[in-house]
Amino acid sequence: MLHEKLVLTWARPGDEDDPERTSRVTFRLGDVDWPGGPWTSLLLEHTDFGEDQEMRESVSGGWPMVLSGLNTLLEKGFDFDEPGA
């Protein structure tokens with residue numbers, strides 16, 4: 001079974017050098033044996049916010065939109081020949 005993990009430090013632009021305003025994002029890929037598969041699962045964890053409640057609230061709304069867009073792209077594909085795409 002193949003498992004892959006990517007961990008990165010997350011910060012808003014301008015906050016990269018301030019440890020108090022950074023957090024950690026972990027992406028994990030795994031094999032899933034569902035009908036019609038095999039498939040790959042993606043687990044995203046955003047942690048280590050410390051006292052930065054503003055960041056926690058911001059990413060709680062942002063990640064669902066990013067993952068929804070990724071899901072749409074993977075299901076429908078992307079037409080690189082389409083103008084404006």
The number of residues in the stretch 58-69 that are without any contact (Cβ under 8 Å) to a residue 24 or more places away in the chain and among the hydrophobic types (A, V, I, L, M, F, W, C) is 3
Note on the stretch 23-39: residues more than 13 Å from residue 5 (Cα to Cα) and of a type in the set (Ser, Thr, Tyr) are 23
Residue 33 fails exactly one of (1) more than 11 Å from the chain's Cα centre (by Cα); (2) surrounded by 10 or more Cβ atoms within 10 Å (Cβ to Cβ), namely (2)
(request) Evaluate the following for residue 67: is it under 16 Å from residue 5 (Cα atoms) and exposed (fewer than 14 other Cβ atoms within 10 Å of the Cβ)? (result) no
Given the conditions (1) touching a residue at least 40 places away in the same chain (Cβ under 8 Å); (2) in a loop (DSSP other than H, G, I, E, B), every one holds for residue 10 apart from (2)
Within the stretch 58-70, the residues that are closer than 18 Å to residue 26 by Cα and not aliphatic (A, V, I, L, M) are 58, 60, 61, 62, 63, 64, 68
| said: Can you confirm whether residue 49 is touching a strand residue (DSSP E or B) at 6+ places or on another chain (Cβ under 7 Å), in a loop (DSSP other than H, G, I, E, B) and surrounded by 10 or more Cβ atoms within 10 Å (Cβ to Cβ)? | reply: yes
Of (1) touching a strand residue (DSSP E or B) at 6+ places or on another chain (Cβ under 8 Å); (2) surrounded by fewer than 11 Cβ atoms within 10 Å (Cβ to Cβ), residue 44 satisfies every one except (2)
Subject >> Filter pass, residue 76 being touching a residue at least 12 places away in the same chain (Cβ under 8 Å) and of a type in the set (Lys, Arg) >> reply: no
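Bear in mind that the values in this text are calculations on the coordinates, not laboratory data. Everything numeric in this text was worked out from a predicted model, so none of it was measured. Virtual Cβ from ideal backbone geometry, glycine too; neighbours counted across all protein chains shown.
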